[in-house]
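For reference, the structure is listed below as C-alpha cells.
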Amino acid sequence: MADSSPMQIVVDGLVKRFGAFTALDGISFGVAHGEIMGFLGPNGAGKSTLIRILCGLLRPSAGRALVAGIDVAGDPEAVRRRIGYMSQKFSLYGDLSVVENLRFFGGIYGVSEAEMPERLRFAVDMAGLTGREDALVATLAGGWKQRLALGAAILHRPAILFLDEPTSGVDPGSRRRFWNLIHALSEEGVSILVSTHYMDEAEYCHRIALINRGRLVALGTPLELKQHSLGGELLALEGERIGEAIAPLARAPGVRDVAMFGNALHVLVDQAALRLPALLALLAGSGIADGRGRRIDPSLEDSFVHLVAAKLPPTEVAS
Amino acid sequence: MFQRIIQLLLKEFLQLRRDRSARFRLLIPPIVQMLLFGYAATFEVFNVATVMLDQDHTQESRALVDSFVHSSRFELVAVADDRRQVQAAVESSKAQLGIVVPPGFAELLRKGQSAPLQVLVDGTNSNTALIALGYAGQISGAFGQTYAQDLAQRTGRALGRPLVSVKLEERYWYNPNLNSRWFFVPGVIGTLTLITIVNLTAFAIVREREVGTLEQILVTPIRPVEFIIGKTLPFFFIGLLEVSIVTAVGMWWFRVPFEGNLLVLLFGTCLFLISVLAIGLLISTLCKTQQQAFASNFFILNPMFILSGFSFPIATMPQALQWITYVDPLRYFLIIIRATYLKGVGIDILWPQMATLAALGFGLFGVAILRFSKSLD
C-alpha cells in the first residue's frame, strides 16, 4: 500500500475539536518521499495538534490522515512502527546514560539484538557523543541532548519523521548542525514534517505550510510563498518616527498592507515603481523629513505577516 | 509485547539503582514507621497524672490513696489542700485525673456503709479518660471489697455485708493479654504498604508525564496496557519486598506471633497490591504534575486509612460511611493480615475477603487502564 502512493503522508479534511474550540479546521495536504515539509504558524495555531494526530497521540474529530499509507485513527500502532517523533520538550531520561537511553528506545521499537550495536554506534556518532556513551544524559548540554533525541527517534530507521519545534531553546550553531542532519536524512528518502516558528529555519524546508487558527493559509516552496503570496510588490520605508505614518500610508492609493519590521515599514503596493514617489511625498507631508524608501524582495517573514498575522501587533510575529 | 515490557522493567530498575534517595525512601521510612507504630501506637493507659485531695485524713483514706499510687496506672503529681487546687491542676493540664476523698469517708466505711469517692477526669482525650476511669473504678472497687471482707471477719459478720458477686472468667482468644501491639503491628504492615506503593506508582508515572518521556514512549509501538504493566510491575515486586521486611520486623523485633500460613498472607498481599497499584495508576491519570499527585495522594489515602478499621471500629461508624468502607481495599487486607497473623486461619475462612479484594483490584485496574488511555487525548 505504502509504495503504490507517491505520498508518504496524506491529510484530507482533517478536523480536531476540543469541546467548543476548533483546533484544526479542515486541513488537507500531502508529503512526498524524502520531502521536508515545514509547518509555520504562531503559537496555538494548531501545529502541535496536527503532528500529534499524525503520530496517533490524538484522534481526529473528522477527516482522514494516512501515514505511510495507513489510516492513523484505524491502526495507530502500525503507524508508530514506521515513524520517528521528537517533541519540543526534551524527552529522554536524564538519569540514564547516553547508551542506556538509546538501548531502551531501540528495545521498545523492536530493533533486533543483531542490529543494535550498529544502530547505537550510528546514533552516538550522529549526536557527536563518541567517547561519552556512559555520560548521564542530564549532564549533556542542550545541543547534544537534542541531537541525541533525534538519534533515539531514528534508531528504528523510520520512513517518516515528525519534529515538533525541535530546535526551540538550542543555540544557532547547534541548530545549523541539526538541519544538516535533517537534510542528510531527507536525501536518504525519509519524509520529514517539522514545525517551527523560526523564519530562517522555514527557509531550509522544501515546502512550507502556513497555519493560522487551525486553517491552512498557504502551501508552497519558500520561493513560491515569497513571490506569490503577497499579491503585489514590497517597499521598505525608513525615517525618524516612521511608525506615525502607518495610518496615512494605509489609506494611500495602491497600498494593500502596511506592517512594521524593526525600524522600517514594509508597504505592500500594486506597483512599486509607480507608487514610491507618492508615498515619499506623503511621508514628507506627515512631518517625516528624512523619509526614504526602496523596493525589496519579500522575505518569508513578509509573507508570514501578510498571510497569518496581519491582525496581530508586530511584536507577536518577531521570534 | 513481552520484549517491550521487559525493556520497561529493565529501565525502571536501572533508574532505581541509580537513585539513591529512592532506595532510601523505600527501605528506611517503612522500618522507622513500623518501629514508631510498634512502640507508640497503643491504647493502653499507664501513668495517668493524678492529683489527690484527702479531706478525711484517716488510715482508710491513706490506704485508698496508696492503692492508687501503687497501681502503675496512676502517677501522683500533686497533693492538693483544697478543691480549688484540684481544679487548677486539671485545668492547667498538670493532672488529668483528680481524686477527692471527702471528709467522713472512713466513718461510713467503718459502719459498713457505702462511702463516696469523687473522681474528676479531664475528658479532652475521651479515650484515655474512659480507660483511666475504668481503672479508677477497678481499684476503688477492689479496695471496697477487700475492706468489706476484712470488716466482716473482724466483726463476726455483724458489719460488712457478705458479698454475693458473679465473677467473670475472661478468656481473650488470639491475644490473651490484649496486647495492643499485637493488634497494631499487622495493621501497620497493610497501611505502610498502601501508602508507600500508591505514592511510588503515582509519582513514577506522573514524573514521566511531567518530564515529557511519557509522550515519547507513547509514540512508539508500545500499547497502553504494556506500558502500564511495565510501569507497575516493578512496584509490585517492591511492594512484596516491603511487606516481607516489615513483617520480619513485626515477627522478630516485636515478637508478634505469626500463627498462620505465610503463603496465605503472600497470596492476600498479591491481591491487595493489585488494588494498590491501580489506585496509584488512577491518581496518576488525574494529575499532570507531581505536586498535584502529592495533594491527591493525601486526599485519597487518609480516608482509606480512617475507613479501613485500622483503629476505629467499622461497626460503630455511621451507616453511610460503613457503605464506603466496602470499597476500601485496605479494609479487606487488614482482616486478612490480622487473621493470618493472630488467628492462623487459612483461605477456607478468608476466601470472601480474598475474592472481594481480587474483584476490587481487577475492577480498579480496568478503570485505571481505561482512564489512562483516555487521559492521553
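Spin-label model, B:Glu44/B:Gln292: points 7 Å from Cα along the beta carbon direction are separated by 4.8 nm. Per residue of B:11-24, other chain Cβ atoms within 10 Å of the residue Cβ number 2 on average. For B:Leu241 and B:Ala63, the FRET efficiency from 1/(1 + (r/R0)^6), where r spans their Cβ atoms and R0 equals 51 Å, is about 0.35. Only beta bridges with both residues in the protein assembly as shown are counted; by DSSP, about 60 percent of them are antiparallel.
With helices as the sole contributors, the protein assembly as shown gives -16000 deg cm²/dmol at 222 nm; each DSSP H run of n ≥ 4 counts as -39500 (n - 2.57), and the sum is divided by every residue. FRET efficiency for the pair A:Asp171 and B:Ile28, taken as 1/(1 + (r/R0)^6) with r the Cβ-Cβ distance and R0 = 45 Å, rounds to 0.55. Compared with the dominant Cα axis of chain A, that is its longest principal axis, helix A:116-127 is turned about 30°. Overall shape: oblate for segment B:87-204, with the ratio a/c of the largest to smallest alpha carbon gyration tensor axis at 1.5 or above and b/c at least equal to a/b.
How would you classify the protein assembly as shown from its alpha-carbon gyration tensor, with a ≥ b ≥ c the square roots of the eigenvalues: rounded for a/c under 1.5, else prolate if a/b is greater than b/c, otherwise oblate? In terms of gyration-tensor shape, prolate. Counting, for every residue in A:90-99, the Cβ atoms of other protein chains within 10 Å of its Cβ and taking the mean gives 4.
Sorting A:176-187, B:220-231 by average packing, meaning the other beta carbons within 10 Å per residue, from highest down gives B:220-231, A:176-187. Taking packing as the residue-averaged number of other Cβ atoms within 10 angstrom, the listed peptides A:111-120, B:265-274 run from highest to lowest as B:265-274, A:111-120. Full extension of the chain between B:Gln85 and B:Trp323 yields a length gain of 80.8 nm, computed as 0.36 nm times the residue separation minus the alpha carbon distance.
The packing ranking, built from the mean of other Cβ atoms within 10 Å per residue, places the peptides A:189-196, A:262-269, B:100-107 in the order A:189-196, A:262-269, B:100-107, highest first. Can you give the log10 of the normalised intensity I(q)/I(0) at q = 0.17, 0.19 Å⁻¹, computed with Debye over equal Cα scatterers of segment A:110-243? For segment A:110-243, the Cα-only Debye profile gives -1.00, -1.16. Taking every DSSP beta bridge that has both ends in segment A:9-220, the antiparallel portion is near 55%. Considering chain B, its Cα convex hull presents a mean projected area of 24.6 nm². Just to confirm the number: angle between the C-alpha axis of helix B:347-375 and the first principal axis of chain B, 0 to 90 degrees, nearest 10? Orientation of helix B:347-375: about 50 degrees from the principal axis. Using only Cα atoms, find the angle between the long axis of helix B:126-154 and the longest principal axis of chain B, and express it within 0 to 90 degrees, rounded to the nearest 10. So the inclination is approximately 30 degrees.
Restricting attention to segment B:1-126, close to 30% of DSSP beta bridges with both partner residues there are antiparallel.
Estimated from the Cβ-Cβ distance and a Förster radius of 25 angstrom, the FRET efficiency linking A:Ala20 and A:Lys89 is about 0.40. Ranking A:Arg103, B:Arg338 by solvent-accessible area of protein heavy atoms (1.4 Å probe, all protein chains present), from largest to smallest, gives A:Arg103, B:Arg338.
For the pair segment B:274-319 / segment A:102-157, the C-alpha centres are spaced 40 Å from each other.
Counting only other chain Cβ atoms within 10 Å of each residue's Cβ, the peptide A:101-109 averages 5.
Modelled this way, with points 7 Å down the Cα-to-C-beta line, the labels at A:Ala73 and A:Thr130 are 4.8 nm from one another.
B:Ser140 contributes an accessible area of around 40 Å² to the protein surface, as traced by a 1.4 Å probe with all chains present. Gyration tensor analysis over the Cα atoms of segment A:32-166 returns equivalent ellipsoid semi-axes of 27, 18, 12 Å (largest first, whole Å).
The values are calculated or read from the model by the stated rules, or taken from the named source; none is laboratory data. All values derive from a computational prediction rather than experimental measurement. For neighbour counting, all protein chains shown are included, and Cβ atoms are generated from backbone atoms with ideal geometry for every residue, glycine included. Accessible surface areas use protein heavy atoms only, side chains included; no ligands, DNA or RNA. Shrake-Rupley method; radii C 1.70, N 1.55, O 1.52, S 1.80 Å.
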